[in-house]
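What follows is a single structure, written as structure tokens, with notes after it.
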Amino acid sequence: MKNKSLIFTIIAVIVIGALIFVLNNYTKSVQPAPSQVAENNSPSNNEDQNTSSNVNSNTTEQSEPKIGNQVGDIAPDFTLKDLDGNTVTLSSLRGKKVILNFWATTCPYCIIEMPALNQFIKSHKDDTVLLAIDLGESPSKVKQYLEGKGYEFTVLLDTDLSTIYDYQVQFIPMSYFIDKNGIIRAISNGAMTYDEIEEYYKSISQ
């Protein structure tokens with residue numbers, strides 16, 4: 001009896017061992033090796049990265065210019081009154097070249113620059129608008145200064161200084177050259193001669 005029990009025990013151990021061996025082999029065959037997982041995922045990750053890179057690149061290329069006060073930005077829109085009380089809105093001038101000149105009657109360099117600006121606009125008034133934006137002075141004071149000078153450009157009044165804030169004008173005279181699409185193409189800091197105005201003007205004449 002003891003021998004039979006021993007034989008049965010040995011057989012049971014062999015059978016159990018065989019089952020464990022078979023199960024282990026089956027499990028290994030079903031689960032991919034770590035290296036295989038990395039290789040299979042690697043092309044997918046690269047593809048996702050390439051797709052993401054292309055999307056970002058396309059987005060950058062196709063993105064519209066932002067509104068701002070730097071070269072390449074869309075010039076901030078505004079509506080101001082001229083000396084006769086008529087309103088002028090910048091965006092309504094799309095299709096024309098626009099020069100914004102920030103100035104004041106108390107600015108000596110502005111006074112020096114104005115004859116050159118007037119000479120320039122007389123030669124380019126068919127497709128160009130020059131807006132001389134006075135900074136916060138009363139209409140009567142501006143009219144008194146301009147009286148008898150014969151300037152042919154449009155003078156606007158930034159009475160609440162909101163436009164100078166949008167353009168972040170820190171000193172005057174300061175001029176912005178805006179193309180037909182409303183994009184700032186050049187900025188002049190300081191008084192310009194006639195030749196310098198012509199040179200800046202080339203940036204919006206292309």
If the limit is 20 Å between Cα atoms, which of Lys149/Lys202; Lys96/Lys125; Lys81/Lys143 go over it? Lys149/Lys202
Between the modelled labels at Val71 and Asp160 (7 Å from Cα along Cα→Cβ) the distance in nm is 3.3
Over all directions, the average projected area of the alpha-carbon convex hull for the range 50-206 comes to how many nm²? 10.3
Report the accessible area of Tyr109, computed with a 1.4 Å probe over the heavy atoms of all protein chains in place, in Å² rounded to the nearest 10. 140
Percent accessible area from carbon and sulfur atoms, the range 62-199, protein chains only, probe 1.4 Å: 47
With a 1.4 Å probe and every protein chain left in place, work out the accessible area per residue of the range 103-206 in Å², rounded to a whole number. 51
Of Asp82, Asp195, Asp166, which has the most accessible area and how do the rest follow, probe 1.4 Å? Asp195, Asp166, Asp82
Assuming 0.36 nm per residue, please report the length gained on full extension of the stretch Gln206 to Asp127 beyond their Cα-Cα distance. 27.1 nm
State, to one decimal in nm, how far the label point of Thr193 lies from the label point of Glu64, with both points 7 Å from Cα in the Cβ direction. 4.1
Relative contact order of the range 71-150, please, whole-number percent, based on alpha carbon pairs below 8 angstrom and at least 6 residues apart. 30
Leaving ligands and nucleic acids out of the surface, order Glu137, Glu147, Glu113 by accessible area at 1.4 Å, largest first. Glu147, Glu137, Glu113
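The values are calculated or read from the model by the stated rules, or taken from the named source; none is laboratory data. Given the structure is predicted, the values throughout are model-derived calculations rather than measurements. As a convention, Cβ positions derive from the backbone with ideal geometry for all residues, glycine included, and neighbour counts pool all protein chains shown. The area values use the complete protein model at the heavy-atom level, side chains included, leaving out ligands, DNA and RNA. Shrake-Rupley method; radii C 1.70, N 1.55, O 1.52, S 1.80 Å.
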